[in-house]
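Data first, discussion second: the structure below is written as structure tokens.
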Amino acid sequence: MSSNVIEVRNLWFSYEKEPVLEDVTFSVKKGDFLAIIGPNGGGKSTLLKLILGLLKPERGEIKVLGKPPQKVRHKIGYLPQYSFSNTSFPITVMDVALMGRLNRRGFGKRYTDEDRKKVEEILKRLGIWEYRNTHIGNLSGGQRQRVLIARALAVEPEILLLDEPTAGVDPEYETGICEILKELNKEMTIVLVTHDIGVISRYVKSIACVNRKLVFHEEGKITEEMIKMAYECPVDLITHGPVPHRVLPEHK
Amino acid sequence: MMWSALHFEFMRNAVLAGIIISILCGIIGTLIVVNRLVFMTGGIAHSAYGGIGIAIYTGIPPVFGAAIFSLIASLIMGAVTLKDRQRADTVIGVLWAVGMAIGIIFVDLSSGYNVDLMGYLFGSILAVPKEEICLSAIFTAIVIAGVCISYKELLAMSYDEEFGIIIGAPVRLLYFLLLSFTAISVVLAMRMVGLILVIALISIPPYISENFVSSLSKMMFLSCLFGIFFTLSGLYLSYCFNISPGASIILVSGTAFFMSYIKKLWKKK
């Protein structure tokens, strides 16, 4: 029980009348690398926002590190869904990454050298240290995504929650980001959301599929049940989709 | 010729008021632009007219009436934006119009037109009293201190509100504080360029500055400089050609805005 970093029990949620999530129950073990897959509008991002305590469950319970999300969310490194909207904002790579240190310094206090050292270490690790003084708008999609991952890591999180980490990233950088996450998984639990079962599913340890309901598979296999639940036409997905062979169970 | 204008006391006051308000608008305006609150600020400015009408009717100083009324309007708009994001712009538009309507009716009900209403609508920088300049200076000092203290939290809120909430920045509190400070700034700037034109003074300098800087604090600083430049050149033009100072300031800013906009489009190609 204590090894579960996230526990979700009988969770219901709806924005309007129609439920977006229906009786969702699952838990994430410490050190897990979980991919939450499912179609657009299936409730993946909603589920992440519930885990972060940005939304309140209608029914059911969510515990993060054994506590309500609002109490511990500053220990979660969060990568929001990719958006182009804020690229003209006047901010440098360094300043974005430093934001992850915000709760360590009280109101009215500045970031310390320790914060800058930590961020330097992270930026170097992600290969974007040379861009530290670059305006965020002058970076490519893949670089910007790394900056936001750096911000999430600057939190020194116990859990990393990533919403579509490879969206807006050029395919050649996608594997790079996946490799980084694999490395990071040695130190922390990772939960990521993705709408395509692409490159990333080769790296994960377990998979959950969300389309209003949630199906969980601990060994990281995409079962037929998941595919049927998630997509209208499973045959189409298997023949055309970039599903790595390893994650598919044998067909009988 | 340029310096001869400064022989008049009202001109010296106008220059002083212009500089102070430009600094205030440069700082608050930067936060308004990056938080995409320009439309809401327009609503706050216009609804202030309701406060002016009530103040004239009840005999209290119009500036206080406007300040209280726009403060209330800003808090209502803020609350609506959080509760009903989808239709927040509609509600702001309605408050905008209703505020003005209240103002018009109370002015109608007041006996005699001894107050220069045009001054509130289009500005009267040449007639700004000394006490109001003092008030603006004090308020500007408070704003500068506030921004210095909460800079990193303001930055987090403005850049990524959601992440700000998660990391523990008091985003809600800062949001309402920003709106209240906006309300007061709008009322103080209104004396200079009028409530109809104030939105330009608040949004144009930050918009232009954003193209040249890579940090929020530099954007604030540059906005102040642009604002001072626009205000003083507008004031000078109005003195030379004997035209309205408020409108001159806005036209100078507007010209700069379009030049910067065209340059930006050009660069994109």
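The values are calculated or read from the model by the stated rules, or taken from the named source; none is laboratory data. Not measured: the values here are computed from a predicted model. Heads up, the Cβs are rebuilt from the backbone with ideal geometry, glycines too, and the neighbour counts pull from every protein chain shown.
Looking across the stretch A:14-49, the residues that are within 14 Å of chain B (Cβ to nearest Cβ), free of Cβ contacts under 8 Å to residues at least 40 places away in the same chain and either farther than 17 Å from residue A:157 by Cβ or crowded, with 23+ Cβ neighbours inside 10 Å (or both) come down to A:15, A:16, A:46. Residues considered: A:112, A:166. Of these, the only one that is modelled with pLDDT under 90 and among the hydroxyl-bearing types (Ser, Thr, Tyr) is A:166. On the given criteria, is residue A:56 away from chain B (no Cβ under 11 Å) and buried (at least 23 other Cβ atoms within 10 Å of the Cβ)? Answer is no for this residue. Would it be correct to say that residue A:24 is under 15 Å from the mean Cα position of the chain (by Cα) and β-branched (Val, Ile, Thr)? No, not satisfied. The selection criterion, being in contact with a Phe, Trp or Tyr (Cβ under 6 Å, 6 or more places away or on another chain), assigned to a helix (DSSP H, G or I) and closer than 23 Å to residue B:131 by Cβ, does not hold for residue B:18. Total residues in the stretch A:11-35 satisfying the condition of being within 21 Å of residue A:203 (Cβ to Cβ) and β-branched (Val, Ile, Thr): the figure is 1. Give the residues of the stretch B:176-221 that are of a type in the set (D, E, K, R) and at pLDDT 95 or above, sorted by residue number. B:218, the sole residue that qualifies.
Checked against (1) under 23 Å from residue A:78 (Cα atoms); (2) within 14 Å of another protein chain (Cβ to nearest Cβ); (3) out of contact with any Leu (no Cβ under 7 Å at 6 or more places or on another chain); (4) modelled with pLDDT of 95 or more, residue B:146 meets all criteria but (1). Applying the criterion of being closer than 18 Å to residue A:190 by Cβ and more than 11 Å from every other protein chain (Cβ to nearest Cβ) to the residues of the stretch A:64-100, the residue that is surrounded by the fewest Cβ atoms within 10 Å (Cβ to Cβ) is A:82.
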